[in-house]
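The values are calculated or read from the model by the stated rules, or taken from the named source; none is laboratory data. This is a predicted model, so every value here is computed, not measured. Cβ placement follows ideal geometry from the backbone for every residue including glycine, while neighbour counts extend to all protein chains displayed. Calculation scope for accessible area: heavy atoms of the full protein, side chains included, ligands and nucleic acids excluded. Shrake-Rupley method; radii C 1.70, N 1.55, O 1.52, S 1.80 Å.
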Amino acid sequence: MDGSDEITTERIVAPGAEDLERAAEAALRPRRLAEFVGQRVVRDQLELVLHAAMGRGRAPDHVLLSGPPGLGKTTLAMIIAAELGTSMRITSGPAIQHAGDLAAVLAALEEGEVLFLDEIHRLARPAEELLYVAMEDFRVDVVVGKGAGANAIGLSLPPFTVVGATTRAGLLPAPLRDRFGFTGHLDFYDEAELRQVLGRSAGLLGVDLHGDAAAEIASRSRGTPRIANRLLRRVRDWAQVRGDGTLHLAAARAALAVYEVDDLGLDRLDRAVLTALCSRFGGGPVGLTTLAVAVGEEPETVETVAEPFLVREGLMGRTSRGRVATARAWEHLGLVAPPSAETLFG
């Protein structure tokens, strides 16, 4: 691949989701904790928190859910509202840029409602400070007027529950983090759990998914249910158009080959980064900017889109001198690693 080749960032293995895909996901979301697959520790802890609160007839503590995208934070927020038998209002940190925006949302809440704040780490500072008081005292101060004539009016709020979701818990300020009574971190799924997710989704989609096909899709899903369900839909499309409608192993492999998802779940961008690192730069170390130019992408795209999974899978390392390929990366690409790659992290 030469540096002029353009690599699209519209990736089938991207853990994030656009609005259209969220609509497709809605039909596959579990509605109750008992239907939710995986995250056993968080699920059990959350069940205790919710049932205890319902037994007392009070709104449960505020809940913070953290972890990589695509693991079920939004789904759990919807389940919390369903388990409580109440409605949920949805907004996000980037959508609230002023304290007045948040005040309007809070003032419209009814008793016992769930307020879901996605990407809560991106709240604007004025809105963040307003949220502190609302979460702790169920009160919001609204400033009326300007200048010397400005007057703060305190409005009481009915008890409610904030469910915050973040992919970067470290960016949350301590005062906000401390106001959550329950914090749950979602981890990547193992292949057995992903097979359960796929089996359930196949039933809802009304397709015949063979066990070996489910295992094949799960092994390439990067530990993420959202990616597993996305690959399932693409395999279903292939089986419908080019197969007999049955999702067997051959159909799964053929469909995933069409979408350039390999045995480890790497796509075209991932392999381009590894190929450039190994073939052009001898396995590194090489600077991020140089590596990005070699694959025709922005440095931020390589760092935030490709690198996390490559590092997690032990295919790439980040050192003080730059990015390096591990012995496993050479092996995956079918290349012969230099002796230095074997002892790189020794």
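Before moving on, here are some points about what is shown:
- Bridge type composition, the chain - antiparallel percent by DSSP, nearest 5: 35 percent
- Full extension of the chain segment joining residue 250 with residue 34 gains 74.5 nm, where the gain is 0.36 nm per residue of separation less the Cα-Cα distance.
- Share of carbon and sulfur in the accessible heavy-atom surface of the chain [1.4 Å probe, %]: 50 percent
- Point-to-point label distance, residue 260-residue 336, nm (Cα→Cβ direction, 7 Å offset): 2.9 nm
- Cα gyration tensor, region 260-332 - rounded (a/c under 1.5), prolate or oblate: rounded
- Residue-count net charge about residue 92 - beta-carbon cut-off 10 Å; Lys, Arg +1, Asp, Glu -1: -1
- Square roots of five times the Cα gyration tensor eigenvalues for region 173-257, Å: 33, 11, 11
- Anisotropy class of region 53-100 from Cα gyration tensor, a/c 1.5 cut: oblate
- Computed lengthening from residue 141 to residue 101, 0.36 nm per intervening residue step minus Cα-Cα distance: 13.1 nm
- Rounded Å value of the spacing that divides the Cα centres of region 148-227 and region 242-281: 26 Å
- For region 118-124, putting each phi into the Karplus relation 6.51 cos²θ - 1.76 cosθ + 1.60 with θ = phi - 60° gives couplings of 7, 6, 5, 5, 9, 5, 5 Hz, in residue order, rounded to whole numbers and with x for Gly and Pro.
- Sum of side-chain charges, residue 187 neighbourhood, beta-carbon under 15 Å (Lys, Arg +1; Asp, Glu -1): +2
- Of 230, 253, 321, the one that fluctuates the most in a GNM where the chain has Cα springs shorter than 10 Å: 321
- Rule-of-thumb Rg ratio for region 60-200 [Cα; 2.2 N^0.38 Å; N residues]: 1.15
- Cα-based Rg of the chain normalised by 2.2 N^0.38 Å, two decimals: 1.16
- Taking the C-alpha atoms of region 194-313, convex hull volume expressed per residue in Å³: 106 Å³
- Spin-label model distance (nm) - residue 56 vs residue 191, 7 Å beyond Cα toward Cβ: 4.4 nm
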